[in-house]
1. So, in the range 55-73, how many residues would count as being open to solvent by less than 40 Å² (accessible area, probe 1.4 Å) and in contact with a Gly (Cβ under 8 Å, 6 or more places away or on another chain)?
2. Just give me the residues in the range 61-98 being part of a strand (DSSP E or B) and not polar (S, T, N, Q), in sequence order.
3. Suppose the filter is within 12 Å of the ligand (Cβ to nearest atom), closer than 18 Å to residue 195 by Cβ and either in a helix (DSSP H, G or I) or among the aliphatic types (A, V, I, L, M) (or both); does residue 290 pass it?
4. Go through (1) without any contact (Cβ under 8 Å) to a residue 24 or more places away in the chain; (2) open to solvent by 40 Å² or more (accessible area, probe 1.4 Å) one by one and return the number of the condition residue 90 breaks.
5. Suppose we filter the range 251-285 for residues that are modelled with pLDDT of 95 or more and more than 14 Å from the ligand (Cβ to nearest atom); how many remain?
6. Quick check, is residue 24 within 18 Å of residue 286 (Cα to Cα) and touching a Pro at 6+ places or on another chain (Cβ under 9 Å)?
7. Which is under 20 Å from residue 147 (Cα atoms) and either more than 15 Å from the ligand (Cβ to nearest atom) or open to solvent by 60 Å² or more (accessible area, probe 1.4 Å) (or both), of 76, 111?
8. For the range 1-24, which residues satisfy the criterion of being free of Cβ contacts under 8 Å to residues at least 60 places away in the same chain and assigned to a helix (DSSP H, G or I)?
Amino acid sequence: MPLPKLRLPVIQAPLFLLSGPEMVIASCRAGIVGSFPSPNARTEDILEHWLIEITTALKGNTEAAPWAINLVMHRSNPRRHADLELAIKYKAPLVITALGSPKEAVEAVHSYGGVIYADVNTVDFARRAADTGVDGLALICAGAGGHTGQLSPFAFVDEVRQFFDGEIILSGAIGNGRAIRASEILGADYVYMGTRFIPSHECLAADAYKQMVVDASAGDIVTSDSVTGVKANWLRDSLVNAGYDIANMPAPGDINFLEAAGDVKRWRDIWAAGQAVAGITQQQSIASIVDQLEQEYLEVRGAEL
Ligand SMILES: Cc1cc2nc3c(=O)[nH]c(=O)nc-3n(C[C@H](O)[C@H](O)[C@H](O)COP(=O)(O)O)c2cc1C
């Protein structure tokens with residue numbers, strides 16, 4: 001079940017602590033899918049308020065793109081059933097699952113006509129998620145902000161296409177309209193863009209975090225498993241400011257990944273971003289980022305004719 005046609009095949013990716021209703025609404029109004037991780041709403045009550053805010057703001061706006069909620073499906077997440085119930089109650093047009101199997105959510109989301117995608121970062125996870133009947137797979141490749149994959153998009157899309165004919169969402173270091181078009185040529189239907197939207201006015205990141213993304217180049221992104229126990233991409237200066245010695249990053253030891261993935265303090269003090277930072281030159285509104293992406297995308301499409 002595909003999504004309705006979008007202005008650009010872009011999903012503003014879910015960002016822990018950074019994406020909330022303002023970002024979602026601005027993205028949808030700009031014509032791309034806006035998303036947020038449900039744990040960003042610290043309680044179920046707050047989550048319900050956010051869902052009311054989003055659905056009310058977009059009601060009747062026929063130009064707006066669909067919105068998406070990102071659910072943490074791992075059994076250690078005590079809110080996984082309650083958050084899924086709320087997604088169903090407010091008929092989330094798109095549900096994106098992460099950290100665990102989408103199995104428990106597939107039927108429920110399909111029952112009200114919703115679309116469900118699963119985040120995966122290996123071929124093995126992609127196979128297992130495909131078997132649950134999801135509509136799409138978000139392939140997290142090398143260079144992505146936050147928890148990253150390690151596969152090249154060239155290899156990952158090709159291999160997944162051999163066993164999956166649903167939607168493919170490509171993710172990792174996609175920062176401009178040319179990269180969106182390149183992803184389509186590789187065989188993807190949509191792209192995820194996370195880092196590109198961190199320095200947006202609507203993003204909840206601290207101003208210094210946004211500016212660090214603007215100032216960084218790809219070489220300033222450090223891949224390390226020392227913070228959460230699994231490989232993730234971080235801004236070098238934020239690791240240094242948090243006391244890490246980049247040349248001697250500690251072994252991940254026995255960090256509990258599932259706790260660390262949702263640890264507010266860790267993610268507030270150490271700033272995640274992907275290799276797409278180099279092309280980001282200013283803080284701007286989501287509307288102006290999407291205008292710019294569209295212009296870059298159309299320039300390449302025009303040149304192909
Ligand atoms: C600060 C930050 C927080 C993130 N939080 C989440 C999250 O809560 N859930 C999730 O599924 N992915 C999360 N991601 C991954 C993004 O959804 C997306 O896969 C990634 O940003 C794409 O790569 P890009 O940053 O190179 O565009 C996060 C990424 C960043 C940079």
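The values are calculated or read from the model by the stated rules, or taken from the named source; none is laboratory data. Since we're looking at a predicted model, the values are computed, not measured. When we count neighbours, we look across all protein chains shown, and the Cβ atoms used for this are built from the backbone with ideal geometry, even at glycine. Each accessible area value is taken on the protein alone, full model and side chains, heavy atoms only, with ligands, DNA and RNA left out. Shrake-Rupley method; radii C 1.70, N 1.55, O 1.52, S 1.80 Å.
1. Summing the residues that are open to solvent by less than 40 Å² (accessible area, probe 1.4 Å) and in contact with a Gly (Cβ under 8 Å, 6 or more places away or on another chain) in the range 55-73 gives 6.
2. Within the range 61-98, the first condition is being part of a strand (DSSP E or B), and the residues that meet it are 67-72, 94-98.
Across the range 61-98, the qualifying residues are 67, 68, 69, 71, 72, 94, 95, 96, 98.
3. No; evaluated as a whole, the condition is false for this residue.
4. (1)
5. So the answer is 5.
6. Spelling it out, it is not the case that residue 24 is within 18 Å of residue 286 (Cα to Cα) and touching a Pro at 6+ places or on another chain (Cβ under 9 Å).
7. Numbers: 111 fails: under 20 Å from residue 147 (Cα atoms).
After applying the criteria, what remains is 76.
8. 21, 24
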